[in-house]
Amino acid sequence: MAKLLVSLVVLGAVTRPQAQPRCPGRCICPAAAPSPTLLCAKTGLLFVPPAIDRRTVELRLTDNFIAAVRRPDFANMSSLVHLTLSRNTISHVAPGAFADLRALRALHLDGNRLLALGGAQLRGLASLRRLIVANNQLGRVEAAAFAAFAATVEDLDLSYNNLASVPWEAIGAMRSLNTLTLDHNLLERVAPGALARLPKLARLDVTANRLRTLPEPGGGPEGRPSLALGGNPLHCNCELLWLRRRAPGGLETCATPARLADRPLWAVPEEDFVCQAPLITRARASAGAVLQGQAVSVGCAAAGDPPPALRWLAPDGRPVRNGTRRALRPDGTLELRAATLGDHGAFTCVASNAAGEAAAPVPLAVLPLPLPAARPPPPPAASPSDMARAGDGAGDHERRVVAAELTASSARIRWPAQRPAPGVRMYQIQYNSSLDDSLVYRMIPSSSKTFVVTDLAAGREYDLCVLALYEDGGAALPAARAVGCVRFATAAGGPRCPAARPHFLGGTIIIVIGGAIAASVLVFILILTVRYKAAGARRRPPAAAVHSVCSQTNGAHPPGAKHPDDPEAGLGAAPGPEAPGAVGAAGATGATAVAAGATVATAGAMVATGATVATAGATAGGMGAAAGAMGAMGGGGPPRQRHSFDGARGLFPSHSYPRRARTRLHGSASRLDAAPPPRRPAFGSTEWMLESTV
């Protein structure tokens with residue numbers, strides 16, 4: 001019983017119908033189709049729906065607005081056979097977007113905005129039979145784009161694009177290709193032999209391109225593939241004679257030559273389909289001879305109908321190919337980046353077209369680098385006999401080369417023309433310095449008779465030789481013959497730097513004198529300060545010793561006489577000997593300071609060689625004068641008191657300060673019997689002078 005229940009459960013699980021996958025919105029999933037099919041045409045999709053049954057066999061997403069194909073859009077759809085993405089806005093296909101579509105047979109990408117096709121975009125389509133990429137904006141198709149399905153593709157459509165060229169080598173490898181559609185592009189040529197390698201080609205459409213000729217394609221069914229060649233500017237010559245014989249009633253017309261323009265191809269007689277053999281119009285090298293290791297270019301030009309193709313043969317007869325040392329330009333020019341001794345000889349330019357070939361040799365001489373020549377021995381010392389024989393022709397060999405216009409860095413070399421001038425190919429100059437063993441070489445054209453050697457060192461001797469290179473038919477390399485040698489010396493030195501501008505001595509003198517003046521002023525000020533302090537340190541004498549002097553009287557009494565009205569007239573006495581001496585010493589000190597100030601001012605005025613020093617001198621003089629005045633003021637010590645006698649009214653004391661006429665009036669005594677004021681001190685001669693001045 002248990003076994004029966006288990007069997008029923010297993011049977012129910014096997015016979016239970018599988019759940020149908022959910023159909024994306026606005027899409028149609030026909031159940032009656034023999035295989036899972038998803039139709040999402042004209043549904044306004046902006047991207048590939050993510051909810052797609054991965055078992056779908058046919059998927060149509062035409063007439064939508066899908067802008068890009070992403071990597072996860074068709075992941076794990078290994079059963080998909082037919083994918084249509086026509087008439088969308090696809091401008092980007094992610095690398096590997098179709099990598100999982102190993103069973104895909106047809107891919108439609110027409111009517112989109114693709115600009116290029118790369119190898120990674122179509123990777124993984126190993127079973128692809130039909131690729132339609134028409135009506136895009138393709139300007140470039142990589143050869144690797146067709147590598148995944150080159151052996152299986154049968155229909156390739158690249159029409160209505162902007163292709164100026166296609167990878168003909170990759171197309172020639174499509175052995176199963178049956179239809180090739182390239183109409184309405186910008187193709188200018190079809191690679192020779194590319195179509196001949198397509199054994200199954202049944203239809204070729206290259207309508208509306210820029211083709212002037214078309215090589216004969218390979219044999220398709222019955223050996224004659226269907227051709228569509230209209231709308232091209234065909235050049236009717238011998239290269240299109242096969243097309244004239246093959247399509248007697250076609251619509252193709254001739255564009256050139258002018259005598260056959262606009263005539264139907266089938267209406268032109270076969271004898272008018274002619275070609276012209278190539279004719280080489282120019283073949284020469286940029287330089288007839290070069291040193292080993294130098295660069296040189298060899299050019300060639302040819303004319304013919306059709307335009308001939310150019311190739312080069314090396315001097316050993318082998319074809320020249322591009323490499324690190326040789327390069328072939330599209331215009332037929334051969335570049336030798338570094339000439340070797342193996343390039344010595346003649347390169348051959350070969351021009352070929354359908355009518356024949358033409359060849360022209362281009363000679364090229366490659367000179368080996370000369371070995372350093374031994375330095376010639378120094379000439380023997382001249383003697384009278386040698387000088388006498390100077391004109392007998394023994395020194396002509398040395399005098400044939402002359403070094404003139406010698407400077408510190410250059411020299412002009414002159415040499416006479418050689419007798420067999422037509423045989424001279426060029427001149428070679430080699431020279432070295434007396435301090436350098438390495439030779440320097442210069443190649444000079446045969447038409448030159450003078451040359452300026454530059455970049456020489458100053459103050460050196462140079463040994464220079466001129467060699468003439470001749471053509472020698474019996475030798476592979478040209479022969480060389482010495483024209484002459486010369487020894488010369490360059491100038492002692494180049495232009496010297498200008499001497500430094502001497503310093504202006506006046507500035508130094510001004511600084512020295514100004515410093516001396518300033519030091520003198522400071523010394524004078526210091527001396528006066530010391531003397532002023534010494535004078536102030538003296539003590540004022542006692543009142544009894546103070547001598548009074550009469551500065552003025554209102555009567556006729558001489559100084560020192562008693563006034564009748566003065567009760568203390570008898571007390572007047574002559575001034576003591578000590579006061580005049582002290583006053584005189586102070587006055588002398590002031591006078592000395594004044595004189596010192598005047599001396600400094602005079603020195604400042606005398607040294608005034610410039611405005612600044614004049615100002616400094618005047619300032620120093622003023623400082624000296626001020627110092628002198630200070631000395632004069634300080635000569636008497638503290639201000640002295642003087643008294644003036646004013647008739648019978650009484651005695652009025654007043655104070656006098658040096659150089660300031662200031663008199664202070666004191667009130668008179670209220671009582672006549674009051675004690676008389678102290679006697680006025682007598683004036684010395686020096687104080688009298690100062691008083692009068694004040």
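The values are calculated or read from the model by the stated rules, or taken from the named source; none is laboratory data. Remember, predicted model here, so these are calculated numbers, not experimental data. Every residue, glycine as well, gets a Cβ built from its backbone with ideal geometry; the counts of neighbours run over all protein chains shown. Side chains included, ligands, DNA and RNA excluded: accessible areas come from the protein's heavy atoms. Shrake-Rupley method; radii C 1.70, N 1.55, O 1.52, S 1.80 Å.
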In Å, the C-alpha Rg and Dmax of the range 146-257 are 13.4, 43
Express the carbon and sulfur contribution to the solvent-accessible surface of the range 284-332 as a percent, rounded to the nearest whole number, probe 1.4 angstrom. 49 percent
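How do Ile517, Ile525, Ile511 rank by accessible surface area computed with a 1.4 Å probe, from largest to smallest?
Final ranking, largest accessible area leading: Ile511, Ile525, Ile517.
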Accessible area of Glu461 in the full protein assembly, 1.4 Å probe (Å², nearest 10): 90 Å²
Globularity ratio of the range 68-107, using Cα Rg and 2.2 N^0.38 Å: 1.11
Given a Förster distance of 45 angstrom, what is the FRET efficiency for His92 paired with Trp266, based on the Cβ-Cβ distance and rounded to 0.05? 0.45
For Met426, residues with placed amide H under 5 Å, excluding near neighbours: Leu469
Cα→Cβ-extended label distance, 7 Å offset, between Ala534 and Leu439, nm: 9.6 nm
What distance in nm separates the two pseudo spin-label positions at Ala359 and Leu328, each 7 Å out from Cα along the beta-carbon direction? 1.5 nm
Gain on full stretching of the segment that runs from Arg210 to Leu279 - 0.36 nm per residue minus C-alpha separation: 22.2 nm
Can you pull the percent of the range 103-154's accessible area that's carbon plus sulfur, 1.4 Å probe, other chains left in place? 48 percent
Could you give each residue of the range 65-72 its phi-based ³J(HN,Hα) in whole Hz, using Karplus coefficients 6.51, -1.76, 1.60 with θ = phi - 60°, and x for Gly or Pro? 10, 6, 9, 8, 10, 9, 5, x
Sort Val298, Val402 by heavy-atom solvent-accessible area, probe 1.4 angstrom, most to least. Val402, Val298
Length added when fully stretched, Thr450-Ala32, from 0.36 nm per residue minus Cα-Cα: 140.5 nm
Checking a compactness column here: for the range 23-118, what do you get for Rg(Cα) / (2.2 N^0.38 Å), N being the number of residues? 1.00
Summed residue charge, Cβ within 13 Å of His184's Cβ, Lys/Arg positive, Asp/Glu negative: -3
Exposure of Arg284 as accessible area (Å², to 10), given a probe of 1.4 Å and all protein chains: 140 Å²
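Which percent of the accessible heavy-atom area of the range 160-264 goes to carbon and sulfur, probe 1.4 angstrom?
52 percent
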1/(1 + (r/R0)^6) with r = Cβ-Cβ of Arg460 and Val512, R0 = 45 Å, i.e. FRET efficiency to nearest 0.05, evaluates to 0.35
Computed from the beta carbon distance with a Förster radius of 60 Å, FRET efficiency for Lys200 and Ala404 to the nearest 0.05 stands at 0.15
Average accessible surface area per residue within the range 32-112, 1.4 Å rolling probe, Å²: 42 Å²
From largest accessible area down, sort Phe47, Phe524; use a 1.4 Å probe on the protein chains. Phe47, Phe524
What list of ³J(HN,Hα) couplings, whole Hz, do you get for the range 267-275 from phi and the Karplus terms 6.51, -1.76, 1.60, once you set θ to phi - 60° and write x for glycine and proline? 8, 8, x, 5, 5, 8, 8, 10, 10
Taking only Cα atoms of the range 316-365, what ratio of Rg to Rh do you get with Rh as the Kirkwood inverse-distance radius? 0.98
Enumerate the whole-percent occupancy of each 10 Å bin, from 0 to the last occupied one, for all C-alpha pair distances of the range 274-377. 16, 42, 24, 11, 4, 2, 1, 0
Give the accessible area for Thr37 in Å² (nearest 10); use a 1.4 Å probe, count only protein heavy atoms, and leave out ligands, DNA and RNA. 20 Å²
